[in-house]
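Enquirer: Pasting a structure below so you can have a look.
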Amino acid sequence: RIFVLKELYGWDHETALVEYLNRRPDVREQLGLETIPDQSTLWRSWHNRLTEDLREIIQAAARSILVNAQEESVSIPREPDRKLSRHDRDTEEPDLDNQSILEQTQKVTSHLNHVVYPAFSLDRGEGCEIHENAYWDLQTYLGLRENLAANEGARSFTYESDRERTPLGHAHREQIQTLSIPEIRAMYRQAVGRLLDEAANTEEFFRAGIVAIDITEDAPFTGDRAGHEDEIIGTKENTDEYAYQWATVQLVGNAVPLVLDARPVRRGETRKEIVEDLLDSAQEMVYVDNVLMDREFDSQHVLEMISQRGLSYVVPKRMQTSEKAQAKRLLERDQDRYETDRKLHLGNDEWHETTLIYRRKENSEHDDYRQYSVFMSNRGGLIAMYAYRWEIESGYKSIKRFMAETTSKDFGLRFFYFAFACLLYSIWRAVDLLVQVELTGEYERSPIVTADNTLTLLRKETGIG
């Protein structure tokens with residue numbers, strides 16, 4: 001905890017930490033410190049007693065706290081570092097000013113725009129007065145503004161665009177509605193594949209890593225669902241609202257957090273079918289080693305399918321009677337962690353072998369078995385990486401910020417809006433990677449390019465026809 005505090009404040013020298021602890025008895029009490037270690041003790045502990053892996057975990061934890069706090073508008077001691085502190089602090093780092101970042105961002109965004117947008121097309125025939133790229137221009141424009149629907153956005157876009165002819169809102173929706181779900185997904189995967197090819201031109205990007213699979217909800221409905229019962233399947237919360245649900249597979253961990261694929265969730269589909277579909281897409285584009293999912297995917301059939309692919313997984317388990325009883329025993333023994341092997345029945349006398357990992361939560365508000373979480377994994381030592389999964393939730397917040405507003409119940413239109421928002425998010429993160437590498441020679445996960453800058457430049461550069 002002491003060293004997490006050091007990383008949170010970005011103190012390069014242990015002296016600053018000692019001075020802070022001297023001035024803050026409340027913090028010393030929270031840390032359980034009866035005496036304050038001196039500067040030399042802290043330095044030896046950090047450099048000699050802690051392994052490199054543990055130092056990186058501490059640094060990553062501090063960065064995660066800062067980023068999450070920043071996104072939730074919580075007061076934080078400093079902005080998240082542009083650089084991970086695992087690098088040699090004595091190494092001279094380039095002084096990046098906003099102008100140089102913006103200039104490089106403009107060049108990269110323009111280039112990526114020419115690479116990515118040709119993957120999308122509308123089957124409109126020949127002789128159309130409005131160029132096809134005007135539709136992608138308008139869709140990008142809608143993503144620039146929060147809560148902007150097609151009709152209002154099309155009117156504003158007419159004045160802000162350099163094009164002579166731009167589509168009206170109803171014409172834009174009609175063209176998008178001609179696209180089928182398979183067509184949208186195929187175009188999306190082609191676009192992301194082009195992004196991956198560009199990123200792979202750098203030594204800092206590897207077509208490999210950890211993926212997270214999750215399901216998110218569109219804006220909810222409260223009205224009539226007639227004709228949409230298989231698609232508007234409700235919300236995760238027990239309310240009278242209904243919503244479309246979309247599933248994604250996203251790179252997480254130390255990789256650039258691109259959304260590799262997205263798909264709708266329909267009534268009657270099993271979680272196994274959803275995960276299998278998304279993993280098929282992901283494995284065609286990158287080398288996948290580990291899969292992270294939340295507890296709604298804790299089906300033994302899902303886990304067996306992942307294992308059959310030679311992949312590892314970490315998934316929280318919903319606590320049943322036996323898990324609750326075990327957690328109570330751990331609480332009585334005051335034990336923080338426990339592992340045990342478990343066989344999950346697949347049917348027909350077939351079993352899936354997994355490991356249950358009980359982990360006690362820090363500062364839990366509960367005083368019973370709920371102090372513990374239970375995870376399932378088919379490879380030991382992976383539990384720490386589950387913290388990477390928060391990145392997909394953070395990504396969803398940005399993606400939904402990039403979605404056009406609509407009251408339409410049209411399934412295809414809603415999915416296209418979501419998929420296009422995923423693409424804008426992925427372009428932003430790819431732009432940030434390429435700009436960082438160009439300006440610093442390295443890539444760190446804290447973006448130096450803002451999403452708004454990228455989208456504004458995209459809007460300027462979308463007219464590629």
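Enquirer: How many residues are of a type outside the set (Phe, Trp, Tyr), farther than 19 Å from Val374 by Cβ and not in a helix (DSSP H, G or I) when one looks only at region 277-329?
Expert: Counting residues in region 277-329 that are of a type outside the set (Phe, Trp, Tyr), farther than 19 Å from Val374 by Cβ and not in a helix (DSSP H, G or I) gives 6.
Enquirer: Taking the options Thr270, Thr202, Thr248, name whichever one is under 24 Å from Tyr417 (Cβ atoms), outside the structural domain of Gly441 (by the TED database) and among the β-branched types (Val, Ile, Thr). Let's see the steps before the verdict.
Expert: Numbers: Thr270 fails: under 24 Å from Tyr417 (Cβ atoms); Thr202 fails: under 24 Å from Tyr417 (Cβ atoms).
Among Thr270, Thr202, Thr248, only Thr248 is under 24 Å from Tyr417 (Cβ atoms), outside the structural domain of Gly441 (by the TED database) and among the β-branched types (Val, Ile, Thr).
Enquirer: Right, another one. Residue by residue through region 402-438, note down the ones that are modelled with pLDDT of 85 or more and of a type in the set (Phe, Trp, Tyr).
Expert: Of everything in region 402-438, those that are modelled with pLDDT of 85 or more and of a type in the set (Phe, Trp, Tyr) turn out to be Phe411, Phe415, Phe416, Tyr417, Phe418, Phe420, Tyr425, Trp428.
Enquirer: How many residues, within region 286-326, are farther than 16 Å from Gln250 by Cα and open to solvent by 10 Å² or more (accessible area, probe 1.4 Å)?
Expert: Counting residues in region 286-326 that are farther than 16 Å from Gln250 by Cα and open to solvent by 10 Å² or more (accessible area, probe 1.4 Å) gives 21.
Enquirer: Against the conditions (1) in a loop (DSSP other than H, G, I, E, B); (2) modelled with pLDDT of 75 or more, where does His87 fall short? Just the number, please.
Expert: (2)
Enquirer: Quick one: in region 327-365, of everything that is among the small types (Gly, Ala, Ser) and surrounded by 12 or more Cβ atoms within 10 Å (Cβ to Cβ), which residue is nearest to Glu304 (Cα to Cα)?
Expert: Keep residues of region 327-365 that are among the small types (Gly, Ala, Ser), which gives 327, 347, 364.
Right, trim to surrounded by 12 or more Cβ atoms within 10 Å (Cβ to Cβ) and you get 327, 364.
On the way: Ala327: 25, Ser364: 32 Å.
My answer is Ala327.
Enquirer: Of everything in region 162-213 that's in a loop (DSSP other than H, G, I, E, B) and closer than 18 Å to Ile427 by Cβ, which residue is modelled with the lowest pLDDT?
Expert: Residue satisfying both the conditions and the ranking: Arg207.
Enquirer: Is one or more of the residues making up region 372-392 surrounded by fewer than 22 Cβ atoms within 10 Å (Cβ to Cβ), free of Cβ contacts under 8 Å to residues at least 40 places away in the same chain and either of a type in the set (A, V, I, L, M, F, W, C) or outside the structural domain of Tyr117 (by the TED database) (or both)?
Expert: yes
Enquirer: Tally time: how many residues in region 216-230 are within 23 Å of Arg401 (Cα to Cα) and either in contact with a helix residue (DSSP H, G or I) (Cβ under 7 Å, 6 or more places away or on another chain) or at pLDDT below 80 (or both)?
Expert: Final tally of qualifying residues: 4.
Enquirer: Something else about it: Would you check if Glu231 is in contact (Cβ under 8 Å) with a residue 40 or more places away in the chain, over 30 Å from Val437 (Cβ atoms) and charged (D, E, K, R)? Steps first, please.
Expert: Details: in contact (Cβ under 8 Å) with a residue 40 or more places away in the chain: yes; over 30 Å from Val437 (Cβ atoms): yes; charged (D, E, K, R): yes.
Here the answer is yes, as Glu231 does meet what is asked.
Enquirer: Against the definition (at pLDDT below 65, assigned to a loop (DSSP other than H, G, I, E, B), open to solvent by 40 Å² or more (accessible area, probe 1.4 Å) and of a type in the set (Asp, Glu)), how does Glu92 come out, yes or no? Can you show your working first?
Expert: On the way: at pLDDT below 65: yes; assigned to a loop (DSSP other than H, G, I, E, B): yes; open to solvent by 40 Å² or more (accessible area, probe 1.4 Å): yes; of a type in the set (Asp, Glu): yes.
For Glu92, the condition - at pLDDT below 65, assigned to a loop (DSSP other than H, G, I, E, B), open to solvent by 40 Å² or more (accessible area, probe 1.4 Å) and of a type in the set (Asp, Glu) - is met.
Enquirer: On the basis of being under 26 Å from Ile210 (Cα atoms), in contact with a helix residue (DSSP H, G or I) (Cβ under 9 Å, 6 or more places away or on another chain) and modelled with pLDDT of 80 or more, does Gly441 make the cut?
Expert: no
The values are calculated or read from the model by the stated rules, or taken from the named source; none is laboratory data. Just so it is clear, the model here is predicted, and its values are computed rather than measured. Note: ideal-geometry Cβ built from the backbone for every residue, glycine included; neighbour counts use all protein chains shown. When the accessible area is computed, the model is the full protein with side chains, heavy atoms only, and any ligands, DNA or RNA have been set aside. Shrake-Rupley method; radii C 1.70, N 1.55, O 1.52, S 1.80 Å.
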